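Some notes on the structure that comes next.
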Amino acid sequence: MGIVNIDNISDVVIASLGQHGNITDRQREIMSSLIRHLHGFCKDVNLQHGEFLEGCEYLKRAGQTCDENRQEFILLGDILGVEVLVDMLSNPVDGPESESTVLGPFYRENPPVLPKGASTIKKHYDNEETAYFEGYIRDANGNGVAGVQMDVWEDAPNGVYENLDPDQPEYNLRGRFETDENGHYAFVAVRPVPYPIPDNETAGELLRYMGHHPNRPGHMHFIISKDGFRPLISQIYDSESKWLDDDSVFAVKESLIGTFKKAAPELETDLHFEFDFVIKSEAIAAE
Ligand code: BEZ
Ligand code: FE
């Protein structure tokens, strides 16, 4: 502890950590780095007191925006590229396994359980393109994994997720599927279209402050899970979609891009999208 000046302020605050209560090594590591980076940021931009107060008011408004359906701070983290960075730190790819990416705020627990090959479509749109999605889910040795649970969800052809749109049936374009004995999955859905993330309230303020747009490229979300394997939270992207290399939440990874092809007549859909995944066993992940 000590008397502060502009040169020693960071050291003084860091030295105060744990002086009046026990803290863990991890708490010390996190707080020391946070204090150094936060102080460094204030010095870098020569932050003025009025700007500090503006920032505090902004965070107050962000907190007031949160409710059951909206977690504003995750959205702000997405716009700043923090969620995708934390996801890459939490799920490093060091083998053949598929890459993860952000979950996003629109997942719903317990989607309808559907048989292999069934459709998630509960409402039709004039501009829809139906698609047959299929592929294999394999382990790191290339063997198909049977009985893998796969939750899928996407926006409708009007660019809105079912739970935000009173004009769509419950659980439209959502489903839970399982791989067969060969690790093969299949379902019918629509080609996902680009859509804007919520850009009102403080998320919109941040986008405008950054001179950015709210749009995401067309994507299908997945959560792939099976006991003994690391859950895979990911998305696959349409190689022809607008915003693919300018995603408002920076979640697109090269390995997650696939291509819609014209479907063969027997599939009875407009398009066909084939995509395989590799999941990592808990034992390999723990090595
Ligand atoms: C999404 O893909 O659903 C999403 C991801 C991050 C922020 C908002 C939406
Ligand atoms: Fe999404």
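Pairing residues of the stretch 7-21 that are in the same structural domain as F41 (by TED's automatic domain parsing) with residues that are part of a helix (DSSP H, G or I) and of a type in the set (F, W, Y), at Cβ distances under 8 Å and at least 6 apart in sequence or on separate chains, gives no pairs at all.
The conditions are (1) within 16 Å of ligand 2 (Cβ to nearest atom); (2) assigned to a strand (DSSP E or B), and N158 fails exactly one of them. Which is it? In the conditions (1) within 16 Å of ligand 2 (Cβ to nearest atom); (2) assigned to a strand (DSSP E or B), N158 misses (2) alone. Any residue in the stretch 204-227 that is surrounded by fewer than 19 Cβ atoms within 10 Å (Cβ to Cβ), on the phi < 0 side of the Ramachandran plot, away from ligand 1 (no atom under 16 Å from the Cβ) and in a loop (DSSP other than H, G, I, E, B)? Checking the stretch 204-227: at least one residue is surrounded by fewer than 19 Cβ atoms within 10 Å (Cβ to Cβ), on the phi < 0 side of the Ramachandran plot, away from ligand 1 (no atom under 16 Å from the Cβ) and in a loop (DSSP other than H, G, I, E, B).
Looking for something more than 16 Å from ligand 2 (Cβ to nearest atom), in a helix (DSSP H, G or I), among the basic types (K, R) and more than 19 Å from L206 (Cβ to Cβ) - is there at least one such residue anywhere in the stretch 24-33? Can you show your working first?
First, the residues of the stretch 24-33 that are more than 16 Å from ligand 2 (Cβ to nearest atom): 24-33.
Then keep just the ones that are in a helix (DSSP H, G or I); that gives 25-33.
Filter again for among the basic types (K, R), leaving 26, 28.
Filter once more, keeping what is more than 19 Å from L206 (Cβ to Cβ): 26, 28.
Looking for residues that are more than 16 Å from ligand 2 (Cβ to nearest atom), in a helix (DSSP H, G or I), among the basic types (K, R) and more than 19 Å from L206 (Cβ to Cβ), one finds at least one in the stretch 24-33, hence yes.
When restricted to residues that are farther than 10 Å from I233 by Cα and of a type in the set (A, V, I, L, M, F, W, C), the stretch 88-104 contains 3.
Of the residues making up the stretch 228-251, those that are more than 12 Å from ligand 1 (Cβ to nearest atom) and of a type outside the set (K, R) number 11.
Considering the conditions (1) away from ligand 2 (no atom under 16 Å from the Cβ); (2) over 20 Å from I137 (Cβ atoms); (3) among the small types (G, A, S), G218 is excluded by exactly one of them, (1). Looking across the stretch 108-129 at every residue that is under 18 Å from Q235 (Cα atoms) and in contact with a Lys or Arg (Cβ under 9 Å, 6 or more places away or on another chain), the one that is nearest to ligand 1 (Cβ to nearest atom) is identified as R108.
Count of the stretch 74-113 residues, restricted to those that are crowded, with 17+ Cβ neighbours inside 10 Å, polar (S, T, N, Q) and away from ligand 2 (no atom under 12 Å from the Cβ), is 3.
Is it the case that A189 is within 16 Å of ligand 1 (Cβ to nearest atom), assigned to a loop (DSSP other than H, G, I, E, B) and in contact (Cβ under 8 Å) with a residue 12 or more places away in the chain? Let's see the steps before the verdict.
Values: within 16 Å of ligand 1 (Cβ to nearest atom): yes; assigned to a loop (DSSP other than H, G, I, E, B): no; in contact (Cβ under 8 Å) with a residue 12 or more places away in the chain: yes.
When the stated conditions are applied, A189 does not pass them.
Evaluation of S241 against the conditions (1) hydroxyl-bearing (S, T, Y); (2) assigned to a loop (DSSP other than H, G, I, E, B); (3) closer than 19 Å to R174 by Cβ shows that the sole unmet condition is (3). For first residues located in the stretch 206-230 and in contact (Cβ under 8 Å) with a residue 60 or more places away in the chain and more than 23 Å from G95 (Cβ to Cβ), partners that are of a type in the set (D, E) and surrounded by fewer than 22 Cβ atoms within 10 Å (Cβ to Cβ) and lie 6+ apart or on another chain with Cβ distances below 6 Å form the pairs L207/D199.
Based on this model, can you work out whether E51 counts as in contact (Cβ under 8 Å) with a residue 60 or more places away in the chain and surrounded by 11 or more Cβ atoms within 10 Å (Cβ to Cβ)?
Values: in contact (Cβ under 8 Å) with a residue 60 or more places away in the chain: no; surrounded by 11 or more Cβ atoms within 10 Å (Cβ to Cβ): yes.
Against the criterion (in contact (Cβ under 8 Å) with a residue 60 or more places away in the chain and surrounded by 11 or more Cβ atoms within 10 Å (Cβ to Cβ)), E51 does not qualify.
The values are calculated or read from the model by the stated rules, or taken from the named source; none is laboratory data. All figures in this text were calculated on a predicted structure; none of them were measured in a lab. Because the Cβ atoms are built from the backbone with ideal geometry, glycine has one as well, and the counts that use them run over all protein chains shown.
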